[in-house]
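What follows is a short report on a single structure.
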Amino acid sequence: MDVNNTSRARAAGYSRTSLATQQADFNQHLLEAAQQLNLVVISNRVSAFDPLQPKTGGLAAALEPVVEHSGAVWMGSSGKLGDGSQTLGIAEHGQGRVAKLDLPRKHYSGYYDGFANSILWPALHSLPDRMAASTNHYESYQEINKFVADAAFQFRDRDAIWVHDYHFLPLGAGLQKLGVDKPIGFFLHTPWPEPKMMEQVPNHRELMQSMLAYDLLGFQTNWDLKNFRDCLRNHLGLEFEHGVVIGASGHTRCQTFPIGIDPKQFARNASESLAKPDPYVSVLLKKLGGAKLAIGVDRLDYTKGIDQRIKALDQVLAAEPRSIVLLQVATSSRPEIDAYRTYKRDVAGLVDRVNDNHGLEEWRPIIYENSPFSQAQLAGLYRAARIGLVTPLRDGMNLVAKEYVAAQDPNDPGVLVLSKFAGAAEIFDQNEALLVDPAHPDEIAAAISEAANMPRKERVQRWRAMMDKLEEYTIHDWSAHFIQELHKSRVTVRAVPTSSLLD
Ligand code: ADQ
């Protein structure tokens, strides 16, 4: 691993005190950074800000306090479609505001189901076979980006703008075209692929050029950053030096910010689940019948490799009957897209097959759950599982891998089986997690058996090393680090446009 979390956290000005004060310090850093920078955050969907609703993903957990305490504005889609009017529904949350926008009906499907999720998503995950043949959705993608930029223009008096994810690659260019001269940063939650893969994305050159309107481009891992650099060289003939590329609109800094979780919160939730056991977990444990519990938690997305994982379990059970029960939590995702509906059907078919092949009347090897759990419930489930199965074909980071580790019992932890193609594998190495090729069920099967039989001493050693890394760079460090880097853009003199470079 050459993402050096420790030095990055220190470079950002953090000192590690005791675990008890660490989080408070980091939250303070985060708030100070955000308060100095009167921020606008833009993402496709905004957080619900509802303490009773499960928070899916660390982003909500990280940015809700920033908005509530620093006065930031968080803008995104309302989830409703409109006729193209720019009216923002604004709600106050503490000192901050959430601004929701009805995206125009005319372009929504082409933007969301089409270009963003049927072209960019599979390409960014290096899965060309999953890319839709039709390429005529690019215009809708651009139109929605323009629409969101126009709406965000009313916040131009703010100090900086932080844009999230592949839905909005050209948004910074749109804002710049409108005359916004404040620093604009972008963080990509997905991977960035190699040049050969990117070449298959229609208009990839134009898209990449538009990304250079951002002052700061953030990636999850060094692998992504290297690929982006190779793409700049191959597709635009641009080099970057010391993490800076000079494009038509000035300097763009490119850096990694490997997203984290709040490990202390997960550990606390997991401990509390022991003191007051969740009825679901109690019933589940009774159903094991002497088998060890493995857990998978994913959106039902073909990138997550759930099908290969189930095939691996089939192999384990053929060799060692009744040895493992898999709790697979898989919430429906993007159901309006054909590829997702088909994948959901395929996974359900595989689950039935394995349960038929290896199950008994009173015992089933796969418990398949499609409803969401709260983060507290998830922590209890992770803790109960001897094996965490995180085997995506490709993943930006994968927060489940980190959550599973954080929730373990320090004296008797479980083992993480991790895809070598998840961003998390750049954090956790082979001495810590059991790294596997997610496309090879036999490798996953071998790792499941190894994990099930691993001596406690080795499990403790591996777990401790992973937990230290999680504590060194939490989700709060991640946001503070990005905001501080964006802040630097404010005092950096922007380069004079040199449009000839890209002509
Ligand atoms: P995702 O693809 O959604 O995120 P992941 O990183 O695993 O993947 O995050 C999923 C989050 O949702 C986790 O916090 C998990 O606990 C939660 N979750 C999933 N299923 C749930 C369920 N049934 N009930 C409750 N909670 C559930 C994208 C990228 C990733 C990147 C993240 C963050 O694809 O690569 O790690 O953003 O940048």
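The values are calculated or read from the model by the stated rules, or taken from the named source; none is laboratory data. Just so it is clear, the structure is predicted and the values come from calculations on it, not from any experiment. Counting neighbours? That spans all protein chains shown, and the Cβs are built from the backbone with ideal geometry, glycine included.
Filter region 377-394 for residues that are more than 11 Å from the ligand (Cβ to nearest atom) and touching a Phe, Trp or Tyr at 6+ places or on another chain (Cβ under 8 Å); which is farthest from PHE187 (Cα to Cα)? The residue in question is ALA385. Checking PRO321, PRO335, PRO365 one by one, the residue that is at negative phi, in contact with a helix residue (DSSP H, G or I) (Cβ under 9 Å, 6 or more places away or on another chain) and buried (at least 17 other Cβ atoms within 10 Å of the Cβ) is PRO365 and no other. Exactly one residue among ALA48, ALA99, ALA91, ALA62 is modelled with pLDDT of 80 or more and crowded, with 18+ Cβ neighbours inside 10 Å, and that residue is ALA99. Would you check if there is a residue in region 246-257 being assigned by TED's automatic domain parsing to the domain that holds GLN375, of a type in the set (A, V, I, L, M) and either within 13 Å of the ligand (Cβ to nearest atom) or modelled with pLDDT under 95 (or both)? Among the residues of region 246-257, not one is assigned by TED's automatic domain parsing to the domain that holds GLN375, of a type in the set (A, V, I, L, M) and either within 13 Å of the ligand (Cβ to nearest atom) or modelled with pLDDT under 95 (or both), which makes the answer no. Of all residues in region 395-409, one or more are among the charged types (D, E, K, R), touching a strand residue (DSSP E or B) at 6+ places or on another chain (Cβ under 7 Å) and within 15 Å of the ligand (Cβ to nearest atom).
At least 1 residues being free of Cβ contacts under 8 Å to residues at least 12 places away in the same chain and surrounded by fewer than 24 Cβ atoms within 10 Å (Cβ to Cβ) is the threshold, and among the strands (runs of 3 or more DSSP E) wholly inside region 149-265 those reaching it are 244-247.
Restricting attention to region 410-422 and to residues that are within 21 Å of the chain's Cα centre (by Cα), more than 11 Å from the ligand (Cβ to nearest atom) and aliphatic (A, V, I, L, M), the residue that is nearest to ALA376 (Cα to Cα) turns out to be LEU416.
Conditions (1) of a type in the set (Val, Ile, Thr); (2) crowded, with 18+ Cβ neighbours inside 10 Å; (3) in contact with a strand residue (DSSP E or B) (Cβ under 8 Å, 6 or more places away or on another chain); (4) over 26 Å from LEU59 (Cα atoms), marked per residue:
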| position | (1), (2), (3), (4) |
| --- | --- |
| LEU350 | no, yes, no, yes |
| ARG353 | no, no, no, yes |
| GLU361 | no, no, no, yes |
| SER374 | no, no, no, no |
| ARG383 | no, yes, no, no |
| LEU389 | no, yes, yes, no |
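Counting only residues that are more than 8 Å from the ligand (Cβ to nearest atom) and closer than 16 Å to ARG268 by Cβ, region 365-376 holds 1 of them.
Here SER323 fulfils each of the conditions (1) within 26 Å of the chain's Cα centre (by Cα); (2) under 19 Å from ALA446 (Cα atoms) apart from (1).
Can you tell which of ARG105, ARG156, ARG97 is away from the ligand (no atom under 16 Å from the Cβ), closer than 23 Å to PHE49 by Cβ and not hydrophobic (A, V, I, L, M, F, W, C)? One residue alone meets the criteria, ARG97. Looking for whichever is at pLDDT 95 or above, under 26 Å from LYS402 (Cα atoms) and within 15 Å of the ligand (Cβ to nearest atom) here; the options are ALA312, ALA330. Which one fits? One residue alone meets the criteria, ALA330.
Would a scan of region 423-431 turn up a residue that is more than 8 Å from the ligand (Cβ to nearest atom) and touching a Ser or Thr at 6+ places or on another chain (Cβ under 6 Å)? Checked region 423-431: at least one residue is more than 8 Å from the ligand (Cβ to nearest atom) and touching a Ser or Thr at 6+ places or on another chain (Cβ under 6 Å).
Within this structure, ALA133 fails the test of being small (Gly, Ala, Ser) and within 24 Å of the chain's Cα centre (by Cα).
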